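*Asks:* What follows is a structure written as structure tokens; I'll ask about it next.
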Amino acid sequence: MTESKSPFWHVTVLTLFPEMFPGPLGHSLAGKALEKGTWTLEKLDIRSFTRDKHRSVDDTPFGGGPGMVMRPDVLDAAICDAKARQAAAGLTPGRIVYLSPRGRVLDQALVREIASEGCLTLLCGRYEGIDERVIEEHRLEEVSLGDFVLSGGEPAALCLIDAVVRLLPGVMGNVETAGEESFERGLLEYPHYTRPPVWNGRAVPEVLLSGHHEKVRAWRLEQAEKITQGRRPDLWSDYLASRPAPKVKKRRARRASAEPTKTTATPDGNGGSDEG
Ligand code: 4HQ
């Protein structure tokens, strides 16, 4: 209980609202891990990099139009300071992410990538966004949480940090670490049940009470596949494309002879190709 190891991961957050961090993360597994020193968080208040009397971080857009744009000089000073502090802490500078609906949409693959890097900088914008030249100057990588509009990048930053931190070694105990989890396999979650076995006249599927682990596995996989196929055709086609042995009867129609492929789980036992 007393191990004090060096942190696995560092994040610097540039924001006008530093009090929003760690926010909800302080109440979860991520918060425990932060206390343990598994990861470190530095918050930099963008407003502290202003130099004028009014401490203004934004200005009106050239060309007209609604709203305000965050000033490049202020953001540049903040980003340079973030880099300098990381360097002083002996950290190898990692990517700098600007949370924006224009960016690559965050998915588990990107979360894994970011978790594998030692250091991340997140820039949270407000108003209409930031001066484009800052994106170019500092090679900001734009990342989006999804196709909707937030009032600021902070909630997106919190989501990204949460998703990354739960992947860090030692944060999640043993749950899901074996890649059992839905997105790790490219599938949505199978249905979960707990006590009581009958609730409001609704019984838990019998196979789950059978104690027959292989049947339970097969049932869950089948459910996960059905749910994914029905709800997320995009994930389903990716899954089909990346499976070691597609579930088609006419395998011989392809050049299957090249690889010793096996069929997936059959009702009568383990014909699976990806079991340990
Ligand atoms: N915004 N994913 C505009 C987002 C957003 C998203 C953040 C709104 C940046 C300036 N961020 N600000 N979607 O909607 O990350």
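The values are calculated or read from the model by the stated rules, or taken from the named source; none is laboratory data. All values reported here derive from a predicted model rather than from experimental measurement. So basically every Cβ, Gly included, is an ideal-geometry build from the backbone, and we count neighbours across all protein chains shown.
*Asks:* Please find, within the range 138-154, the residue that is nearest to the ligand (Cβ to nearest atom) out of those that are within 19 Å of residue 44 (Cα to Cα) and touching a helix residue (DSSP H, G or I) at 6+ places or on another chain (Cβ under 6 Å).
*Replies:* 154
*Asks:* A further question on this structure: Against the condition within 17 Å of the chain's Cα centre (by Cα) and at pLDDT 95 or above, how does residue 165 come out, does it pass?
*Replies:* yes
*Asks:* Take the conditions within 30 Å of residue 127 (Cα to Cα), surrounded by fewer than 11 Cβ atoms within 10 Å (Cβ to Cβ) and basic (Lys, Arg) and apply them to residue 202. Does it pass?
*Replies:* Judged against the criteria, residue 202 is not a match.
*Asks:* If you don't mind, another one. Just one of the numbered conditions (1) in a helix (DSSP H, G or I); (2) within 16 Å of the ligand (Cβ to nearest atom); (3) out of contact with any strand residue (DSSP E or B) (no Cβ under 7 Å at 6 or more places or on another chain) is not true of residue 157; which one?
*Replies:* Exception for residue 157: condition (3).
*Asks:* Does any residue of the range 88-106 turn out to be closer than 30 Å to residue 52 by Cβ and free of Cβ contacts under 8 Å to residues at least 24 places away in the same chain?
*Replies:* yes
*Asks:* Here's something else I'd like to know. Grab the helices (runs of 4 or more DSSP H) fully contained in the range 12-125, keeping just those with 2 or more residues being surrounded by 15 or more Cβ atoms within 10 Å (Cβ to Cβ) and under 16 Å from the mean Cα position of the chain (by Cα).
*Replies:* Helices (runs of 4 or more DSSP H) meeting the threshold: 29-36, 108-116.
*Asks:* Please work out which one of (1) of a type outside the set (Phe, Trp, Tyr); (2) within 13 Å of the ligand (Cβ to nearest atom); (3) farther than 30 Å from residue 186 by Cβ; (4) not in a helix (DSSP H, G or I) is the condition residue 135 fails and give its number.
*Replies:* Result: residue 135 fails condition (4) only.
*Asks:* Within the range 202-220, how many residues are in a helix (DSSP H, G or I) and either aliphatic (A, V, I, L, M) or closer than 19 Å to residue 189 by Cβ (or both)?
*Replies:* The number of residues fulfilling the criteria is 10.
*Asks:* Filtering the range 95-117 down to residues that are more than 16 Å from residue 158 (Cα to Cα) and in contact with a helix residue (DSSP H, G or I) (Cβ under 8 Å, 6 or more places away or on another chain), which residue is nearest to the ligand (Cβ to nearest atom)?
*Replies:* 104
*Asks:* Related question: Select from the range 145-170 the residues that are surrounded by 17 or more Cβ atoms within 10 Å (Cβ to Cβ) and of a type in the set (Gly, Ala, Ser) and list them in ascending order.
*Replies:* Result: 153, 156, 157, 163.
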